[in-house]
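Only one structure is covered here, and it is reproduced in the block below.
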Amino acid sequence: FHDPITIAQGRKQFEAQWYGLQTAFSAIERKHHEVTSSGNPIEMDMTTLYKVKGLGKETTIESKILIHTKGDKIVKVEDKWDGKMPDSGIANAFRHLNSVTVPKFVSVPKNAEEDAKKGN
């Protein structure tokens, strides 16, 4: 999973990013989504409203999502905010750092019961 704040490789890193959203945001609301291409990659436009926990600050992100597949498996997902992905060495270093540090601080449920306790 690649977005402007992380380059998560594999399930362990991706899961931590996913559950980390619940840590950082009190609300996440999908405002719009539309599949714009069913090729490979599958392309999708999405608008999401995020409300920062504790601050109440709201941010809306316009994303271009690219879902790359191989056979019946998803092999890569890119979430490009405003259609862009950072491409500098410093930005990519922070994105890699995020992908290895978040799993150390975010607990991921081990089963459906633990997931339900998190409100999912």
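The values are calculated or read from the model by the stated rules, or taken from the named source; none is laboratory data. Every value quoted in this text rests on a predicted model; they were computed, and no experiment measured them. Ideal geometry is used to build each Cβ from the backbone, glycine not excepted, and the neighbour counts take in all protein chains shown. Keep in mind that these areas ignore ligands, DNA and RNA; they rest on the heavy atoms of the full protein, side chains included. Shrake-Rupley method; radii C 1.70, N 1.55, O 1.52, S 1.80 Å.
Of all residues being more than 25 Å from residue 71 (Cβ to Cβ) and of a type outside the set (A, V, I, L, M) in the range 1-25, which is surrounded by the most Cβ atoms within 10 Å (Cβ to Cβ)? Just the residue, please.
The selected residue is 6.
Somewhere in the range 11-26, is a residue over 20 Å from residue 104 (Cβ atoms) and β-branched (Val, Ile, Thr)? No.
Please verify whether residue 75 is in contact with a strand residue (DSSP E or B) (Cβ under 6 Å, 6 or more places away or on another chain), of a type outside the set (S, T, N, Q) and modelled with pLDDT under 95, treating the condition exactly as stated.
yes
Looking only at residues in the range 111-120 that are modelled with pLDDT under 85 and among the charged types (D, E, K, R), the one that is farthest from residue 9 (Cα to Cα) is 117. If the condition is being of a type in the set (A, V, I, L, M, F, W, C), farther than 18 Å from residue 51 by Cβ and under 13 Å from the mean Cα position of the chain (by Cα), then the range 1-36 contributes 1, 7, 8, 14, 16. Where residues in the range 26-79 are in a loop (DSSP other than H, G, I, E, B) and open to solvent by 90 Å² or more (accessible area, probe 1.4 Å), which of them is nearest to residue 2 (Cα to Cα)? Filtering the range 26-79 for residues that are in a loop (DSSP other than H, G, I, E, B) and open to solvent by 90 Å² or more (accessible area, probe 1.4 Å), the one nearest to residue 2 (Cα to Cα) comes out as 40. Within the range 69-120, being of a type in the set (A, V, I, L, M, F, W, C) and in contact with a helix residue (DSSP H, G or I) (Cβ under 6 Å, 6 or more places away or on another chain) holds for 102, 106, 108.
Okay, residues lined up against (1) touching a strand residue (DSSP E or B) at 6+ places or on another chain (Cβ under 8 Å); (2) without any contact (Cβ under 8 Å) to a residue 60 or more places away in the chain:
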| residue | (1), (2) |
| --- | --- |
| 31 | yes, yes |
| 49 | yes, yes |
| 65 | yes, yes |
| 71 | no, yes |
| 85 | yes, no |
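When restricted to residues that are part of a strand (DSSP E or B) and surrounded by 13 or more Cβ atoms within 10 Å (Cβ to Cβ), the range 80-119 contains 2.
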